[in-house]
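Engineer: The following block contains the structure, expressed as structure tokens.
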Amino acid sequence: MTAKPYTVWITGAGTGIGRALALLYAAEGCRVVITGRRREALDEVVAAGSSLPGEIRPLPGDVTDEPGMRAMADTLRVAGMVPDVAILNAGNHIPTWGKNFRVSDYRALMEVNYFGVVHGLAALLPLMRARGSGQIVIVASLAGYRGLPGAAAYGASKAALINMAEALRPELAREGLDLRLVNPGFVATPLTDRNEFEMPFLIDADTAALSIHKGLRGKRFEITTPRRFAFLMKILRLLPAGLFFSLTRRLLP
């Protein structure tokens, strides 16, 4: 902890991993700002954390709104609450299959999953650079490692995040900013409830949040959870195309 109140800003904090992380940081005594589109969901998180040592403050907003993200960051600046840690976690999922190919699905997921993070970076980097410190966490997914059936749009948006984080990490480190990448596997959330297949190594949001929270206290650039599933996905990245496609064909409905 620092001498001043330790401030954490989490997007996509109304449910799932974001909600669980907000409660973990509040349990440590942090001042947590939570953002999401649904005010009622944010209020539920505030109520759940009301007895914790820290404080949870709602800041409703939409990550796809670039001016809105800049305005929220400026609100925090004016209040003396430039985040020490910013977790860009907001995301969406739409199952996408070639037989029902719709440009709108791909555009929608890129707007939230990828550009939502880009908007967050654009809003945060000037503030953290002015201070000379800060940790920014990009939440992508193990689905970004290789293309999986039914996740063409989702996986592409997460692969873009992984690539962007790897590209920016060295430059931001030189400026004193700590950019991290989080790649979860299947986590039981309202988003994964849309999947119509059995999800291997499925974990709950609290378990995922504990692993992420611990990882962010360490020094590793990439934090994965659960580790067994991450290990299997890393192996898939190394497989030659022919063998990889022979495996993924078995996942087709």
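Engineer: Sort out which residues of the range 62-110 are surrounded by fewer than 20 Cβ atoms within 10 Å (Cβ to Cβ) and small (Gly, Ala, Ser), and write them in order of number.
Structural biologist: Of everything in the range 62-110, those that are surrounded by fewer than 20 Cβ atoms within 10 Å (Cβ to Cβ) and small (Gly, Ala, Ser) turn out to be GLY68, ALA71, ALA79, GLY80, GLY98, SER104, ALA108.
Engineer: So, one more: Got a number for residues in the range 1-42 being more than 14 Å from the chain's Cα centre (by Cα), in a loop (DSSP other than H, G, I, E, B) and under 23 Å from GLY134 (Cβ atoms)?
Structural biologist: Of the residues in that region, 9 qualify.
Engineer: Follow-up question, since we're still on this one. Could you list all residues from the range 155-168 that are in contact with a strand residue (DSSP E or B) (Cβ under 7 Å, 6 or more places away or on another chain) and either among the acidic types (Asp, Glu) or crowded, with 18+ Cβ neighbours inside 10 Å (or both)?
Structural biologist: Correct list: LEU161, ILE162, ALA165.
Engineer: Just one of (1) crowded, with 20+ Cβ neighbours inside 10 Å; (2) of a type outside the set (S, T, N, Q); (3) more than 24 Å from LEU239 (Cβ to Cβ) trips up ALA143, so point out which.
Structural biologist: For ALA143, the failing item is (3).
Engineer: Determine whether ILE56 is within 22 Å of ASN92 (Cβ to Cβ) and either touching a residue at least 24 places away in the same chain (Cβ under 8 Å) or surrounded by 18 or more Cβ atoms within 10 Å (Cβ to Cβ) (or both).
Structural biologist: It is false that ILE56 is within 22 Å of ASN92 (Cβ to Cβ) and either touching a residue at least 24 places away in the same chain (Cβ under 8 Å) or surrounded by 18 or more Cβ atoms within 10 Å (Cβ to Cβ) (or both).
Engineer: Among the residues of the range 75-107, count how many are in contact (Cβ under 8 Å) with a residue 24 or more places away in the chain and assigned to a helix (DSSP H, G or I).
Structural biologist: Adding up the residues that qualify gives 5.
Engineer: Could you check how many residues of the range 146-166 are over 15 Å from LYS234 (Cα atoms) and in a loop (DSSP other than H, G, I, E, B)?
Structural biologist: Of the residues in the range 146-166, 2 are over 15 Å from LYS234 (Cα atoms) and in a loop (DSSP other than H, G, I, E, B).
Engineer: Please specify each residue of the range 111-129 satisfying the condition of being crowded, with 22+ Cβ neighbours inside 10 Å and not hydrophobic (A, V, I, L, M, F, W, C).
Structural biologist: Of everything in the range 111-129, those that are crowded, with 22+ Cβ neighbours inside 10 Å and not hydrophobic (A, V, I, L, M, F, W, C) turn out to be ASN113, GLY116, HIS119, GLY120.
Engineer: For the structure I just gave you, tell me whether ARG57 is among the charged types (D, E, K, R), part of a helix (DSSP H, G or I) and modelled with pLDDT of 95 or more.
Structural biologist: Spelling it out, it is not the case that ARG57 is among the charged types (D, E, K, R), part of a helix (DSSP H, G or I) and modelled with pLDDT of 95 or more.
Engineer: A further question follows. Any residue in the range 112-138 that's closer than 17 Å to MET81 by Cβ: show its pairings with residues that are polar (S, T, N, Q) and in a helix (DSSP H, G or I) at Cβ separation under 9 Å, as long as the two are six or more apart or on different chains.
Structural biologist: Between residues of the range 112-138 that are closer than 17 Å to MET81 by Cβ and residues that are polar (S, T, N, Q) and in a helix (DSSP H, G or I), there is no close pair.
Engineer: Please determine whether any residue of the range 179-190 is charged (D, E, K, R), assigned to a strand (DSSP E or B) and over 19 Å from MET69 (Cα atoms).
Structural biologist: Checking the range 179-190: at least one residue is charged (D, E, K, R), assigned to a strand (DSSP E or B) and over 19 Å from MET69 (Cα atoms).
Engineer: Got at least one residue in the range 43-52 being modelled with pLDDT of 95 or more, closer than 24 Å to SER211 by Cα, assigned to a helix (DSSP H, G or I) and touching a helix residue (DSSP H, G or I) at 6+ places or on another chain (Cβ under 7 Å)?
Structural biologist: There is at least one residue in the range 43-52 that is modelled with pLDDT of 95 or more, closer than 24 Å to SER211 by Cα, assigned to a helix (DSSP H, G or I) and touching a helix residue (DSSP H, G or I) at 6+ places or on another chain (Cβ under 7 Å).
Engineer: Only one of (1) more than 14 Å from the chain's Cα centre (by Cα); (2) aliphatic (A, V, I, L, M); (3) surrounded by 15 or more Cβ atoms within 10 Å (Cβ to Cβ); (4) at pLDDT below 95 is not met by LEU191, so which one is it?
Structural biologist: (1) is the only condition that LEU191 fails.
The values are calculated or read from the model by the stated rules, or taken from the named source; none is laboratory data. The structure displayed is predicted, hence computed values, not measured ones. As a convention, Cβ positions derive from the backbone with ideal geometry for all residues, glycine included, and neighbour counts pool all protein chains shown.
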